[in-house]
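Trainee: Handing you a structure now.
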Amino acid sequence: MSTNTSVKMPWFVSARIDTLAILVGGPLISVALLLAIMQGPAFLLGALLFALFLDIPHVLQTHVRLFAEPLEYQRHKVQFWAGLVVISVLCVALYSMNALPWLVAIWVYWQPYHVCKQHFGVAAIYAKKAGYKHSTLPIRNMVLAGFAAPLSYRITHGGFHFGHYEMFGQTLPFANISIPTLALEPFWAWLAYAVFAAMTLQFLVAEWRHQRNQEGLPRFVLIMLAVTLSLYNAAYLLVSDLYALILIGTSIHALQYHLVCTSTVMAGLRRSATQPAVTGALGVAHGWVKRMGAKPWIWFSTLGLASLLVLSLEMPSVGLVPLIIVLHHFYLDGVIWKRR
């Protein structure tokens, strides 16, 4: 699907799976969540299913990716454990000081940046796979501005507020929380959208020139960027409930991550076959990931059961265990996917 007919568009898994996941599945999930929130209780059921089958499993894929290749784990093990300890101490300390809104604020503000970086990274990878030879800086600038603008709008137009969520007779730990925000005038949101418009124009002009020379981005990447930015902006502009907003903004991101990790884990397992065998706990973890790579049902069931375990700890841990795991995922993402 590249505009350069001499280049075949490579995929993470396949043309059909990548397209169905990113361009069909993600938008459909976002729309379903948007409709569900209008129906009250239906939203919480949808949110629970989304977290169980898609969101938490994509968080856990980070660990699967590391254990797929012992040398990769050894390279990052200090950051892995140090990050886990620091994040755990920070979360427990803030909760102990009755500063839960500030703790949840870390998640709320880190999440858009985390998602934004991935969308740019995935677009850049697809472009490179397809033989794109130009700078991806205009893509990065447009995506950053496209995420910063709706965030600025929400900060200056009502802020961030979680609704009342009750599941099986129990109120969820983050229900009814208002997130601390900067006291900014609406002018800053309009300025942010002006910057977004300028970055988009810069990208479109550069892409138009490349297309004329048959050197433009693959059509798949252009559609993915348009859909992603449209859905993210629609969520922040139209949805006032913070939980729904976050889930809608995460749908494509989670599916993208599953594709990226599937491709990377399988490549890591192939490389590890020629590397020295490992023993101990790392050897056990690597051996299980090898089984996951050999049989998809083991992969799916492992992530599903682990996701169920994480969600089951939501209420007993007053939300701390899932939050620690998610923040650790945010941090590790910035470590293991960093360009060398």
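The values are calculated or read from the model by the stated rules, or taken from the named source; none is laboratory data. This structure is a prediction, so every number in the text was calculated from the model and none was measured. Because the Cβ atoms are built from the backbone with ideal geometry, glycine has one as well, and the counts that use them run over all protein chains shown. We work out accessible area using only protein heavy atoms, side chains counted, and drop any ligands, DNA or RNA first. Shrake-Rupley method; radii C 1.70, N 1.55, O 1.52, S 1.80 Å.
Trainee: Straight-line reach from residue 128: which lysines have a Cα under 26 Å away, not including same-chain ones fewer than 8 places off?
Mentor: Residue 128 reaches 8, 117, 338.
Trainee: Order 24-36, 69-81 from most to least packed using the mean count of other Cβ atoms within 10 Å.
Mentor: So the order, starting with the most tightly packed, is 24-36, 69-81.
Trainee: Return the long-range amide H neighbours of residue 167 (sequence gap of 5 or more, or a different chain), with a cut-off of under 5 Å between placed amide H atoms.
Mentor: HN-HN under 5 Å from residue 167: 172.
Trainee: R0 = 25 Å: FRET efficiency of residue 282 with residue 86, Cβ-based, nearest 0.05?
Mentor: About 0.70, to the nearest 0.05.
Trainee: Could you work out the relative contact order of the chain, using alpha carbon pairs under 8 angstrom and six or more residues apart, expressed as a whole percent?
Mentor: Once normalised by length, the contact order is 36 percent.
Trainee: With just the Cα atoms defining each centre, how far is the range 232-259 from the range 132-204? Give it in Å.
Mentor: Result: 11 Å between the Cα centres.
Trainee: Mind checking which of 94, 323, 44 has the largest fluctuation in a GNM of the chain, springs on alpha carbons under 10 Å?
Mentor: Taking springs between Cα atoms under 10 Å, the residue moving most is 94.
Trainee: Order these peptides, 49-57, 275-283, 202-210, by their mean beta-carbon neighbour count within 10 angstrom, highest first.
Mentor: So the order, starting with the most tightly packed, is 49-57, 202-210, 275-283.
Trainee: Points 7 angstrom from Cα along the Cβ direction at residue 226 and residue 273: gap in nanometres?
Mentor: Going by the 7 Å Cα→Cβ label model, 4.1 nm.
Trainee: Skipping prolines and chain starts, which residues have an amide H placed within reach, meaning under 5 Å, of the one on residue 317, given they are 5 or more residues away or on another chain?
Mentor: Excluding prolines and chain starts, which carry no amide H, there are no hits.
Trainee: Can you work out the base-10 log of I(q)/I(0) for the range 290-340 at q = 0.15, 0.20, 0.21, 0.27 1/Å, using the Debye formula on its C-alpha atoms alone?
Mentor: Log-scaled intensity ratios, in q order: -0.59, -0.84, -0.86, -0.91.
Trainee: Mean projection of the alpha-carbon convex hull of the range 43-94 over all orientations, in nm²?
Mentor: 4.8
Trainee: Still on this structure, please answer the following. What's the Kirkwood radius of the range 248-340 in Å, using all Cα pairs?
Mentor: So the Kirkwood estimate lands at 15.4 Å.
Trainee: Determine the gain in length on full extension of the stretch residue 14-residue 175; use 0.36 nm per residue of separation and subtract their C-alpha separation, reporting nm with one decimal.
Mentor: This chain segment gains 54.0 nm when fully extended.
Trainee: Using the Cα centre as the reference, give the magnitude of the dipole from point charges on the C-beta atoms of the range 156-298 (Lys, Arg: +1; Asp, Glu: -1; all else neutral), rounded to the nearest 20 debye.
Mentor: 880
Trainee: List, in order, the whole-Hz ³J(HN,Hα) value for each residue of the range 225-240 obtained from phi through the Karplus relation with A = 6.51, B = -1.76, C = 1.60 and θ = phi - 60°; use x for Gly and Pro.
Mentor: 5, 5, 5, 4, 5, 5, 5, 5, 5, 4, 4, 6, 7, 10, 9, 8
Trainee: Along the three principal axes, how long is the range 128-265 when you take its alpha carbons, biggest first, rounded to the nearest angstrom?
Mentor: Each principal axis gives a Cα extent; for the range 128-265 these are 59, 43, 19 Å.
Trainee: Can you work out ³J(HN,Hα) from phi for every residue in the range 93-108, in order, using Karplus 6.51 cos²θ - 1.76 cosθ + 1.60 and θ = phi - 60°, giving whole Hz and x for Gly and Pro?
Mentor: For the range 93-108, the Karplus-derived couplings read 5, 5, 5, 5, 8, 6, 10, 4, x, 6, 5, 5, 4, 4, 5, 4 Hz, x marking Gly and Pro.
Trainee: Calculate the spin-label point distance for residue 78 paired with residue 313, positioning each point 7 Å from the Cα along the beta-carbon direction, and give it in nanometres.
Mentor: 2.6
Trainee: If you roll a 1.4 angstrom probe over the protein chains with everything in place, what fraction of the accessible area of the chain belongs to carbon and sulfur, to the nearest %?
Mentor: 69
Trainee: Another question, then. Given a Förster distance of 30 Å, report the FRET efficiency between residue 164 and residue 187 from their Cβ-Cβ distance, rounded to the nearest 0.05.
Mentor: 0.40
Trainee: Further, regarding this structure: Taking Rh as the Kirkwood radius, which is the inverse of the mean 1/r over Cα pairs, what is the Rg/Rh value for the chain?
Mentor: With Rh from the inverse mean 1/r over Cα pairs, Rg/Rh is 0.96.
Trainee: Work out the FRET efficiency for residue 28 and residue 335 from their Cβ-Cβ distance, taking R0 = 22 Å, and round it to the nearest 0.05.
Mentor: Rounded to the nearest 0.05, the efficiency is 0.10.
Trainee: Rolling a 1.4 Å sphere over the protein heavy atoms, what is the accessible area per residue of the chain, to the nearest Å²?
Mentor: 49
Trainee: Additional query: On each of the three principal axes of the Cα atoms of the range 1-127, give max minus min coordinate, whole Å, ordered largest first.
Mentor: 60, 48, 22
Trainee: Please list 3J(HN,Hα) in residue order for the range 254-259, calculated via the Karplus relation 6.51 cos²θ - 1.76 cosθ + 1.60 where θ = phi - 60°; whole Hz, with x for glycine and proline.
Mentor: Each residue of the range 254-259 in turn: 5, 5, 4, 5, 4, 5 Hz.
Trainee: Per 10 Å bin, what percent of the C-alpha pairs of the range 11-55 does each bin hold, from zero upward?
Mentor: 27, 43, 23, 7
Trainee: Next up: So if each residue of separation counts as 0.36 nm, and I subtract the Cα-Cα distance between residue 263 and residue 201, what length gain in nm does that give?
Mentor: Extra length available between residue 263 and residue 201 comes to 19.0 nm.
Trainee: Give me the compactness ratio for the range 186-340, meaning the Cα radius of gyration over 2.2 N^0.38 Å.
Mentor: Normalised Cα radius of gyration, the range 186-340: 1.39.
Trainee: Follow-up question, since we're still on this one. If you place +1 on the Cβ of every Lys and Arg and -1 on the Cβ of every Asp and Glu, how big does the dipole about the Cα centre of the range 36-188 come out, in debye to the nearest 20?
Mentor: Taking the Cα centre of the range 36-188 as origin, the dipole is about 660 debye.
Trainee: Where does the range 109-182 land on the Kirkwood hydrodynamic radius, alpha-carbon pairs, in angstrom?
Mentor: With all distinct Cα pairs of the range 109-182 included, I get 15.0 Å.
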